[in-house]
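Before any comments, here is the structure.
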Amino acid sequence: MRAAIVVLGSLLVLTGGIWLGGHPEALPKGIRDALVEDGPAVRADIIDTIQNHYYKPVSKAKLEDASLKGMVASLNDPYSRYFSPREAKSFNEDISGKFEGVGMSVHPSKEGLVITDTFAGAPARKAGMRPGDVITAVDGHSIAGKGINDATDQIKGQPGTFVNLTVKRGKKTLRFHVKRAKIQIPEVEARLITRGGKKFGVVSLASFSSGVHGLLRQQIDKQLKAGAKGILLDLRGNPGGLLREGVFVSSIFIKDGTIVTTKGRAEPKHVYKAQSDAIAANVPVVVLVDRGSASAAEITTGALRDHGRATVVGTRTFGKGVFQEVEPLENGGALDLTVGRYYLPDGEPLPKNGIRPQVKASDDARTPKKDEALPVALRVLQRSLK
């Protein structure tokens with residue numbers, strides 16, 4: 001009996017020790033100082049001191065989240081970020097193509113967020129915001145220097161609520177009072193355009209969210225069945241998304257061979273190959289890009305260029321040549337950490353300053369209702385038939 005009690009007591013001590021090892025803040029201060037390494041002990045001391053002596057109540061969860069965010073922020077990497085449980089939920093909604101906000105895609109800049117696209121029918125476009133605008137403040141608070149996740153989280157919110165956005169457009173400063181809504185990104189839009197008596201399919205892809213390759217393939221097949229002699233893939237303002245979708249989308253046009261390779265300090269080299277079932281190789285393709293084309297959009301652009309499968313038209317792309325892995329955490333949050341680089345089929349790392357187009361074409365931000373780049377891309381596609 002005594003032996004059983006000793007064993008049980010030992011197990012309880014061991015279990016308690018394991019739990020306390022992961023929760024040093026639960027130990028009394030004196031014991032904690034003696035048993036816990038300096039780093040965790042100091043962190044727990046600071047949390048205790050703030051909770052006990054700060055002039056306003058602060059929740060422990062808020063302090064712990066801030067501590068974790070600060071740790072990741074110290075990497076000075078705009079793409080590595082810690083998500084609180086609430087933010088992790090929002091992130092998962094973003095990659096599904098559904099979220100609550102004002103309906104635009106953005107990229108970080110020194111001044112705040114550069115709008116790369118606004119979605120048809122969404123509050124941002126209805127309010128008059130447009131690509132090229134720079135959001136410098138949200139509800140009167142500057143977002144200069146903030147991470148993209150922190151800045152966009154301030155813009156998102158419950159449908160029906162309002163957000164005030166300060167926007168720089170050239171030398172002008174504009175202010176927008178925008179009503180948030182539930183946003184469904186129009187992932188794929190397609191139309192037939194006739195040039196010189198020939199039909200061409202113009203297919204726009206808004207992001208690389210889960211399952212989008214299937215929607216894209218349906219539209220391309222529909223355009224070809226309707227008599228399209230070539231395909232213009234419009235990736236302007238596309239911020240990217242899932243790596244696997246970049247591979248699947250590229251595979252619509254590339255029958256075999258390497259699409260992209262990933263390598264990292266602790267990540268083994270991985271070569272992603274085309275998944276076959278591509279459209280006919282004699283169908284000419286043009287990819288239209290701009291500074292808002294990033295990540296998976298650049299993977300597709302680089303793969304089609306390196307395989308000689310498409311001509312790249314537009315302006316230089318964004319240059320997001322690194323990739324992240326999302327690690328779920330015990331608290332319901334997640335760590336989105338940069339773990340390696342992308343390498344294009346020819347072996348070149350995806351350039352930090354973006355992929356340069358083979359044919360230059362750009363829109364004029366002063367004429368939002370006119371598309372100056374599209375006619376250039378269509379001319380390139382038309383010439384490829386000769």
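Details
- Scanning the range 318-334 for residues that are under 26 Å from V114 (Cα atoms) and over 14 Å from the mean Cα position of the chain (by Cα) yields a single hit, A334.
- Of the candidates P345, P357, P351, the single residue that is within 18 Å of R305 (Cα to Cα), free of Cβ contacts under 8 Å to residues at least 40 places away in the same chain and in a loop (DSSP other than H, G, I, E, B) is P351.
- Failed criterion for I31 (all others in (1) at pLDDT below 70; (2) aliphatic (A, V, I, L, M); (3) in contact with a Gly (Cβ under 9 Å, 6 or more places away or on another chain) hold): (3)
- Only one entry in L329, L385, L350, L335 is in contact with a strand residue (DSSP E or B) (Cβ under 7 Å, 6 or more places away or on another chain), within 30 Å of D150 (Cα to Cα) and open to solvent by 60 Å² or more (accessible area, probe 1.4 Å), namely L329.
- Strands (runs of 3 or more DSSP E) fully within the range 157-204 counting 2 or more residues that are open to solvent by 70 Å² or more (accessible area, probe 1.4 Å) and more than 22 Å from A144 (Cβ to Cβ): 181-184, 188-195
- Of the set (1) crowded, with 22+ Cβ neighbours inside 10 Å; (2) modelled with pLDDT of 95 or more; (3) in contact with an Asp or Glu (Cβ under 6 Å, 6 or more places away or on another chain), all apply to L235 but (3).
- Selection count, the range 355-372, where residues are within 29 Å of L243 (Cβ to Cβ) and modelled with pLDDT under 95: 2
- From the list V322, V359, V312, V283, the lone residue that is in contact with a helix residue (DSSP H, G or I) (Cβ under 8 Å, 6 or more places away or on another chain) and within 26 Å of M104 (Cβ to Cβ) is V312.
- Test: R316 is assigned to a loop (DSSP other than H, G, I, E, B), open to solvent by 10 Å² or more (accessible area, probe 1.4 Å) and closer than 22 Å to D371 by Cβ: yes
- Subset of the range 215-226 [open to solvent by 30 Å² or more (accessible area, probe 1.4 Å) and of a type outside the set (D, E, K, R)]: L215, Q218, Q219, L224, A226
- Residues of the range 70-101 that turn out to be part of a helix (DSSP H, G or I), over 27 Å from K182 (Cβ atoms) and not β-branched (V, I, T), as a count: 3
- Any hit, the range 363-372, residues being part of a loop (DSSP other than H, G, I, E, B) and open to solvent by less than 20 Å² (accessible area, probe 1.4 Å): no
- Given (1) at pLDDT 95 or above; (2) closer than 24 Å to V212 by Cβ; (3) not β-branched (V, I, T), number of the condition R291 does not satisfy: (1)
- S250 vs. criteria touching a residue at least 24 places away in the same chain (Cβ under 8 Å) and not in a loop (DSSP other than H, G, I, E, B): yes
- Selection from the range 263-309 of residues that are open to solvent by less than 20 Å² (accessible area, probe 1.4 Å), within 20 Å of L242 (Cβ to Cβ) and assigned to a strand (DSSP E or B): V287, V289
The values are calculated or read from the model by the stated rules, or taken from the named source; none is laboratory data. Bear in mind the structure is a predicted one, so any value in this text is a computation, not a measurement. No Cβ is skipped: glycine too gets one built from the backbone with ideal geometry, and neighbour counts run over all protein chains shown. Ligands, DNA and RNA are excluded from the accessible area calculation, which covers all protein heavy atoms including side chains. Shrake-Rupley method; radii C 1.70, N 1.55, O 1.52, S 1.80 Å.
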